[in-house]
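What follows is a short report on a single structure.
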Amino acid sequence: MTEEHAEHILSYGKLTTVWVALLVLTAATIMVTRVELGVWKVWAALAIASVKSGLVIAFFMHMKYEPRLFRIILFVALFTLAGFIGGTFFDVLYR
Amino acid sequence: MAHETAMTEGGFWRDTGRTGIGAWIFSTDHKRIGLMYLYCVLGFFLVGAFLGLLIRLELMAPGPTIMTAQTYNAMFTVHGVVMIFLFIIPGIPASFGNLVLPIQLGARDVAFPRVNLFSWWLYAIGAVIVLISLFTGGGAPDTGWTFYVPFSARTTTNVSLAVFGVFVLGFSSILTGINFITTIHRMRAPGMTWTRIPLFTWSLYATAWVQVLATPIIAITLLLVVTERILGLGLFDPTRGGDPVMYQHMFWIYSHPAVYIMILPGMGVISDIIPVFSRKPIFGYKMIAFSSLAIAAAGSAVWGHHMYTSGMSDLGVLVFSFLTFIVAIPSAIKVFNWVSTMYKGSISLEAPMLFALSFILLFSIGGLSGLILGAAATDIHVHDTHFVVGHFHYVMFGGTGFAFFAAAHYWLPKYFGRRYQEKPAIIGWVFMFIGFNILYFTMQVLGMEGMPRRYYDYLPEFARLNFVATVGSWIMLAGVAIVVWNLWRGLFKGEPFTGNPWGGASLEWSIATPPPTENFEEDPVVTHGPYDFKGAGVP
C-alpha cells in the first residue's frame, strides 16, 4: 500500500455547509411525513436518511479524502449489512 | 540491542522486561499472546470435552443414568457455550493465528499489538463472566447454546449473565479480526505479494472479515435478549407484536457465518501442512485462496437454513436452500486441490500430516451430511435429531478440532524449541480417529432413525446405538488424553527441535527456533512463494 495521503483538514465553511445541508434534510424528513405517499413513505424517509449518512461519512468522517481501499472496505460492510437486512425481510415479506 | 536480545538462546521466551506472570499478561508480543490464547482455549476444550463425556454417559442407557433432567439441560448448554465461544471460535485464529500470522507475513508483530493484548483481556474477562454465570443466580443456563426465545426470555436460570459474557467475547473476536485485516494489508514484508501469502494467513484474512462484519449482529441480538428479560419489551413475543423467528434470524446471521470463523482457519492449516508433507507445491494456490473469500461471502448468506422448520416463508426456505448449496462449491474446490497436491507427491505420514489427512475425510463426511441438511426436503425429516449433532461434530471437531491438533503438532515445536514424541502422537491420533467415527457416525444413524437431539430420555429401540456412541466417546477421549499429554510433556521436556526438519518454505521456517522477540533480525525480502521449496532451498 503506497497511497499515503497527507492529513486533510476541512475548512469551517465547508463543514458548516454540510451541517446546514443536514439540517435541511432533517426538516425534509419531517415534512415528508405530512405528504400522503402511502407505502413510499418509508422509502422516502430511508432515502433521505441515506443521503444524510452519506454526507456524514464523506465529510465529517473524511471518507471522501481517504484511499480507495477504505471506500471499498466501507462498501463491503454496507453491502453485507444490506444483505443481512434484505435476507431477513425476504422471509417476513413472503411469510 | 533488540538484535542482541533476538539472537540469545531461548528467543522470545527470554523477555527483557517484566518477570513472572506480568511478562505474559501484559506482554504485547504476538507470540506470548498467542500462547496465552492457546493455553486458555486448550483448557476450555478439555472442560468442554469432559462435559461432553458426561452427556454421553447420561445417554448411555434410557432413563436417568447419572444426572437429573435439569442438570442434563444445563450440561449440553454449557458444553455448547464453552466449546463454541471459548474454544472453537478463538481456537485456531486467536492462538495459532497470533503465533504464526505476523511471521508468515514477514512482520515483527501485528499492526496493533496493544489492541491485541486488549483482545486477550476481553477474552479472559468474557470467559470469567461465563464461568461465574454457571454457579450464580438461578444456576447454569438451560436453553441450549443458541439461547432461543421465548424460552431464554423466560427461564429462571442465569441466562442474562451468560449472554453478557458471550457479548464481551464477541468484542475480543472483532478486535482480533480488525488487527489481522490491518496486519495483512499493511505489514507485509517487501516482496510479500498477495499471491505469496501462505494459505493459512489467507484463510485468516477471510475469517477476519467474517469476524468484523458478523459478530456485531450477535452482540446486538444477545443484548436484546437481556433487555427482553429485564424490561420485558416484547420484541420477540407475538402476543405483543414481536416475532420469535426474528430472534432466530438475528442469531443465525452471526452464528452461521461463525461456523466459517471456526472452519476456515482449519482449512488454512491443512493447506499449509499438505504440501510440506507431500514435498510438492500446493495445487491451485489461487483457487484455494479465493475459495476462502468465496466461503466467507457465500457463507454469510445462508443463515436461513437453520430455520426451515421454524415457520419461515416457503420462498425463504427455497432461496436459503439454494444458497446453501453454493457454499459446497468453494469447499469442494479446497478438498479437490488438497487431494491433487498429494497426487504423485512424496508423502510422509508424520503426526501433523495424519491429522491433516483425517481432516479431509472427516470434513468431507461432515460437509456432505451438511448438504442433506441444506436441502429443505430432507432437512425437515432430520431437523433437531442426532443427525444434526453428528453432522456438526464431523465438521467442527473432525474438521476444526483435528486441524487444531494438526497445527499444534506442526507449529508448536517451532515456538517451544522442543518436540513431542512421534509414536505416542500417532497412537493418540489412531484412538481419536477411531473413537470419533464410532461416536459421531453412530449419532448420524441414530438421527436418521429419529432420535431427537437435546432429549434426556429416549425410546428403548435407540438404546443399543447410544451405548455404542458412548463407548466411542471413551475411545476418542483416551486418544485426546494421549495427544495432549504427549504434546505437553514433549514441548516442555522433549528433545530439542531446531531448524526446519519438515522442510517448510514459508517464512516462519526461515528464522531461529524459538523465534526471537522481534521475529526477524533484519526485515526479510521475500523472493519466492510459500510452497516454492526449490526457491526456499529446502530439499
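The values are calculated or read from the model by the stated rules, or taken from the named source; none is laboratory data. This one's a predicted model, so the numbers in the text were calculated from it and none came from an experiment. Positions of Cβ are generated from backbone atoms using ideal geometry, with glycine treated the same way; all protein chains shown enter the neighbour counts.
Computed values, structure above
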read-out	value
Number of positions in the range B:292-321 that are among the acidic types (Asp, Glu) and at pLDDT 95 or above	0
Conditions (1) modelled with pLDDT of 95 or more; (2) under 22 Å from residue B:374 (Cβ atoms); (3) within 12 Å of chain A (Cβ to nearest Cβ); number of the one not met by residue B:209	(2)
Tally of residues being in contact with a helix residue (DSSP H, G or I) (Cβ under 9 Å, 6 or more places away or on another chain) and over 25 Å from residue A:60 (Cα atoms) across the range A:17-47	5
Any hit, the range B:166-179, residues being more than 14 Å from every other protein chain (Cβ to nearest Cβ) and either within 18 Å of residue A:80 (Cβ to Cβ) or not in a helix (DSSP H, G or I) (or both)	yes
Selected residue (criterion: nearest to the other protein chains (Cβ to nearest Cβ)) from residues of the range B:291-339 that are assigned to a loop (DSSP other than H, G, I, E, B), over 30 Å from residue B:357 (Cα atoms) and of a type in the set (Gly, Ala, Ser)	B:313
Qualifying residue in the range B:137-146 (condition: at pLDDT below 95 and among the aromatic types (Phe, Trp, Tyr))	yes
Check on residue B:108, out of contact with any helix residue (DSSP H, G or I) (no Cβ under 6 Å at 6 or more places or on another chain), among the charged types (D, E, K, R) and not in a helix (DSSP H, G or I)	yes
Checklist (1) under 28 Å from residue B:319 (Cα atoms); (2) surrounded by 15 or more Cβ atoms within 10 Å (Cβ to Cβ) applied to residue A:45, failing item	(1)
Single residue of the range B:1-30 satisfying the filter (out of contact with any Asp or Glu (no Cβ under 6 Å at 6 or more places or on another chain), modelled with pLDDT of 85 or more and more than 20 Å from residue B:497 (Cα to Cα)) that is surrounded by the most Cβ atoms within 10 Å (Cβ to Cβ)	B:29
In the range A:79-95, residue farthest from the other protein chains (Cβ to nearest Cβ) [restricted to those that are among the aliphatic types (A, V, I, L, M) and loosely packed, with under 13 Cβ neighbours inside 10 Å]	A:82
Qualifying residue in the range B:245-252 (condition: more than 20 Å from the chain's Cα centre (by Cα), within 13 Å of another protein chain (Cβ to nearest Cβ), touching a residue at least 60 places away in the same chain (Cβ under 8 Å) and outside any helix (DSSP H, G or I))	no
Count - residues of the range B:469-497 that are crowded, with 18+ Cβ neighbours inside 10 Å and either of a type in the set (Gly, Ala, Ser) or more than 22 Å from residue B:42 (Cβ to Cβ) (or both)	7
Failed criterion for residue B:447 (all others in (1) touching a strand residue (DSSP E or B) at 6+ places or on another chain (Cβ under 6 Å); (2) loosely packed, with under 15 Cβ neighbours inside 10 Å hold)	(2)
For residue A:9: the one exception among (1) outside any helix (DSSP H, G or I); (2) within 14 Å of another protein chain (Cβ to nearest Cβ)	(2)
Condition check for residue B:433: on the phi < 0 side of the Ramachandran plot and touching a helix residue (DSSP H, G or I) at 6+ places or on another chain (Cβ under 7 Å)	yes
Any hit, the range B:233-242, residues being within 13 Å of chain A (Cβ to nearest Cβ), more than 22 Å from residue B:97 (Cβ to Cβ), in a helix (DSSP H, G or I) and in contact (Cβ under 8 Å) with a residue 12 or more places away in the chain	no
Some residue of the range B:180-196 being more than 14 Å from chain A (Cβ to nearest Cβ), within 17 Å of the chain's Cα centre (by Cα) and among the hydroxyl-bearing types (Ser, Thr, Tyr)	no
Unmet criterion (only one of (1) under 22 Å from the mean Cα position of the chain (by Cα); (2) surrounded by fewer than 24 Cβ atoms within 10 Å (Cβ to Cβ); (3) among the aromatic types (Phe, Trp, Tyr)) for residue B:37	(2)
Subset of the range B:256-271 (residues that are under 12 Å from the mean Cα position of the chain (by Cα) and of a type in the set (A, V, I, L, M, F, W, C))	B:258, B:259, B:261, B:262, B:263, B:264, B:267, B:269
Tally, over the range B:408-460, of residues that are among the small types (Gly, Ala, Ser) and more than 29 Å from residue B:483 (Cα to Cα)	2
Contacts under 9 angstrom Cβ, first residue in the range B:488-515 being without any contact (Cβ under 8 Å) to a residue 12 or more places away in the chain, partner part of a helix (DSSP H, G or I) and crowded, with 20+ Cβ neighbours inside 10 Å, 6 or more apart	B:501/B:413
Checklist (1) in contact with a helix residue (DSSP H, G or I) (Cβ under 9 Å, 6 or more places away or on another chain); (2) part of a helix (DSSP H, G or I) applied to residue B:227, failing item	(1)
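Per-residue answers, yes or no, for (1) of a type in the set (Asp, Glu); (2) more than 24 Å from residue B:268 (Cα to Cα):
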residue	(1), (2)
B:477	no, yes
B:484	no, no
B:492	no, yes
B:496	no, yes
B:508	yes, no
B:512	no, no
B:518	yes, yes
B:521	yes, yes
B:529	no, no
